[in-house]
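Trainee: So that we are looking at the same thing, I have put the structure below in structure tokens.
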Amino acid sequence: MRSSEFLITTHKETPADAEIISHRLMLRAGLIRKLSSGLYTWMPLGLKVLRKVERVVREEMDAAGALELAMSMVQPAELWQESGRWEQYGPELLRIQDRHNRDFCLGPTHEEVITDIVRNEISSYKQLPLNLYQIQNKVRDEIRPRFGIMRAREFLMKDAYSFHSDQASLEDTYQIMHRAYSTIFERLGLDFRPVMADSGSIGGNTSHEFHVLADSGEDAIAFSDSSDYAANIERAETLDQSDQRPQASIALGKTPTPGVKTIADLCAALNIQAQHTVKTLIVEAAEGGLVALVLRGDHELNTIKAEKHPLVASPLRMATEEEATSACGAGFGSIGPVGLSIAIVADYAAAACADFYCGANSPEEHYEGANWDRDISSYERADLRSVVTGDPSPDGQGTLQIRRGIEVGHIFQLGTKYSEAMNAKVLDENGRNVTISMGCYGIGVSRIVASAIEQNHDERGIIWPGAMAPFQLAIVPLNMHKSAAVAEAAEALHAQCLEQGIEVLMDDRNERPGVKFADMELLGIPHRVVIGDRSLAEGEVEYQGRRDSEAQRVALADALNFVT
Ligand code: ATP
Ligand code: MG
Ligand code: MG
Ligand code: MG
């Protein structure tokens, strides 16, 4: 590829509104251009990088036995009503109407559509397990789009969904996908950590997130310095207290509330519209049916609303601090990772009044008489966390490190959450109907591009990991338009690259050397060969790796040895 035939739109200035380095460099290098808040155009150069990431993801999904399909981005409301998420998902779901006033949404994720496919096409356990994936633009009306394509409103995701006739098969595929994810991030040259995650209000059982380590990351993760223990901060805190606190699903079995078996049930029963703001929801019951609801949110917590439900509106007795503490375990005063936490303790058995017991992170910050429909944004924030660097690791091995991370992947064992709601069943080997078990597996393909830059850059620009580089080699001929010898050598090297399948960008623009060097460095091309009259006279060129501090003279004939 010749620069003169490509589109290079670099900028010297640092864009004012870009807060983090990847956003700044993506704009300066001309990889993306902003269309509107959270909406971007991928320029030819950026798209090359995106496609590289996509290819690695696709290869590993295929190797893991997943089958690619393509679903419509536009999804009918009926399916979302069936799963209950038309109501639950909140304003992040971008809803549209067609000319007949029928409701649709632009897919933020595809559990409903894929479950609909599978319930129609699959009837026997013999057709399972099945793992289907697509790589497609997703739309989420993020409350605060920021950091460029890192948190965009339209972004490229790989989403996979697996289907099983039993839990053991789901666990097998989950392990295969866990490994495939690690392989993907290794191939892409990223420093990452898989961490245990809370499946929270999404329901389901086991869940892991994959985080690229970076100080600009929006999430915090905790991991042991001397074992494999790693969890996102919400999960780490839950485990922190696990010796004292029953797991939600077990505990709920003891509640006197009929029909409430899962966190999702309880949310539904209490009519909590947690929307996208709640990070973690822990529900527990101690002896005597005392239920504690702990909602953990971040700065957006003030949008949490729970409407009064007969269950809560009926008279409830105010819990004492002692009861609150015993219901939540010793950790009542130590919840809430990044902001205000709210705990509600409701004594269903006594059913006394509509007020809740509500607390932030420290004993002095408990409020009495809080109602769900009151504006809780006025409550002061407690920016404390219960897990700190140096804490003993919950597995007893080593101490915890806390680092910032960027969530680039997320895998879930969903169980029967969607298949039950949407009646997706197969016949098992005894001819009985069984509800299909599901897993879902997401990768933020476009977010990976920004994450890679967060980890790989210097003051001159991007330094692409090899697997992601738009071009492997930059050929920079000096004075090409005046020197026939340089032009000839550059053309020959360029042709040789094409022949050998080396992705090359020859900067044949009529620009000063300084401009060309600066651009090639900003673009992050891993290898550079400079061809000039002086060295060429001795049959040599200058080679410099993007991370090298200096160039070295090499024989023209050996120039490509560095690249392959
Ligand atoms: P986040 O916590 O960052 O909002 P999420 O947990 O809502 O992400 P998932 O539903 O798990 O996201 O989606 C799978 C993957 O899609 C995420 O791990 C992330 O890499 C990517 N992703 C999610 N939202 C965005 C976004 N707004 N822009 C770019 N990538 C995103
Ligand atoms: Mg999100
Ligand atoms: Mg997340
Ligand atoms: Mg996630």
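Trainee: Taking the highest mean first, how do the peptides 543-554, 412-423 order by number of other beta carbon atoms within 10 angstrom per residue?
Mentor: 412-423, 543-554
Trainee: What order do you get for 26-33, 438-445, 528-535 when each peptide is scored by the mean count of other beta carbon atoms within 10 Å, highest first?
Mentor: By packing density, highest mean first, the sequence is 438-445, 26-33, 528-535.
Trainee: For a protection proxy built on the mean count of beta-carbon atoms within 10 angstrom, sort 2-8, 464-470, 13-19 highest first, please.
Mentor: 464-470, 2-8, 13-19
Trainee: State, as an integer percentage, the relative contact order of region 474-564 based on alpha-carbon contacts under 8 Å between residues 6 or more apart.
Mentor: Once divided by the residue count of region 474-564, the mean separation gives 29 percent.
Trainee: Applying the Karplus parametrisation 6.51 cos²θ - 1.76 cosθ + 1.60 with θ = phi - 60° to the phi angles of region 393-408, what ³J(HN,Hα) value in whole Hz is obtained for each residue in order, glycine and proline being reported as x?
Mentor: Per residue, the Karplus-derived 3J(HN,Hα) values read 5, x, 8, x, 10, x, 10, 7, 9, 10, 10, 7, x, 10, 6, 10 Hz.
Trainee: Something else now. For region 76-170, just say rounded, prolate or oblate: build the C-alpha gyration tensor, square-root its eigenvalues into a ≥ b ≥ c, call rounded for a/c under 1.5, and beyond that prolate if a/b exceeds b/c, oblate if not.
Mentor: Verdict is oblate for region 76-170.
Trainee: Around ARG58, what is the net charge, scoring Lys/Arg as +1 and Asp/Glu as -1 over all other residues with Cβ under 15 Å from its Cβ?
Mentor: -1
Trainee: Could you give each residue of region 143-155 its phi-based ³J(HN,Hα) in whole Hz, using Karplus coefficients 6.51, -1.76, 1.60 with θ = phi - 60°, and x for Gly or Pro?
Mentor: So the J values, rounded to whole Hz, are 5, 9, x, 6, 6, x, 6, 5, 10, 9, 8, 10, 8.
Trainee: Amide H neighbours of LEU39 under 5 Å, counting only residues 5+ apart in sequence or on other chains, H built in-plane at 1.01 Å?
Mentor: ARG153
Trainee: Give me a comma-separated list of calculated 3J(HN,Hα) values for region 30-41, in order, Karplus coefficients 6.51, -1.76, 1.60 applied at θ = phi - 60°, integers in Hz, x for any Gly or Pro.
Mentor: Calculated HN-Hα couplings, in order: x, 7, 9, 9, 7, 9, 6, 3, x, 10, 9, 9 Hz.
Trainee: Continuing with the same structure: Counting only residues 5 or more places away or on other chains, whose amide H sits under 5 Å from the amide H of GLU19 once H atoms are built in the peptide plane?
Mentor: Answer set, sorted by chain and number: PHE147.
Trainee: Mind checking region 436-513 for trypsin sites (Lys or Arg not before Pro) that DSSP puts in a loop (not H, G, I, E or B) and that have at most 11 other Cβ atoms within 10 Å?
Mentor: Of the trypsin sites (Lys or Arg not before Pro), the ones in loops of region 436-513 whose Cβ has at most 11 other Cβ atoms within 10 Å are LYS482.
Trainee: Another one. Excluding GLU78 itself, what net charge comes from residues whose Cβ is under 11 Å from its Cβ, given Lys and Arg +1 and Asp and Glu -1?
Mentor: Summing Lys and Arg as +1 and Asp and Glu as -1 gives -3.
Trainee: Something else about it: Taking neighbour Cβ counts within 10 Å as the exposure measure, how do HIS481, HIS494 sort from fewest upward?
Mentor: Lowest to highest Cβ neighbour count: HIS481, HIS494.
Trainee: What ranking do ILE406, ILE233 get, fewest neighbouring Cβ atoms within 10 angstrom at the top?
Mentor: Arranged by neighbour count, lowest to highest, ILE406, ILE233 become ILE233, ILE406.
Trainee: With Cβ to Cβ distances under 13 Å as the rule, what net charge do the other residues near MET438 carry (K, R +1; D, E -1)?
Mentor: -4
Read-outs: derived from the displayed coordinates by stated rules, not from any lab. Source: prediction; values computed, not measured. For neighbour counting, all protein chains shown are included, and Cβ atoms are generated from backbone atoms with ideal geometry for every residue, glycine included.
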